[in-house]
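See below for the structure under consideration.
Bear in mind these aren't lab numbers, they're just calculated from the coordinates by the rules spelled out. All values reported here derive from a predicted model rather than from experimental measurement.
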């Protein structure tokens, strides 16, 4: 498989995922109390937003790369 086709397919998949999920969510564990044998922690979910513009550009760029890669063969 040509590198330009592979990169194009990866960009299409990443662009579609960015448009569908619109961000990356992750969980962190934070200690609230740590006094001797008593410990308390909390789970906090944080989200890193991804712009729909990023997803659209990646998707369009991937499509262009696949088209260009197929024409060169």
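Compared with the dominant Cα axis of the chain, that is its longest principal axis, helix 52-71 is turned about 30°. Here the extension length gained between residue 60 and residue 4 equals 18.7 nm, from 0.36 nm per residue of separation less the Cα-Cα distance.
For the chain, the relative contact order is 46 percent, taking Cα pairs closer than 8 Å that sit 6 or more residues apart in sequence and dividing their mean separation by the residue count.
Rounded to the nearest 10 degrees, what's the angle between the helix 3-21 long axis and the longest principal axis of the chain, both from Cα atoms, 0 to 90? Relative to the chain, helix 3-21 is tipped by roughly 50 degrees.
Using only alpha-carbon positions in segment 3-71, the gyration tensor eigenvalues give semi-axes of 43, 12, 6 Å once each is multiplied by 5 and square-rooted (largest first).
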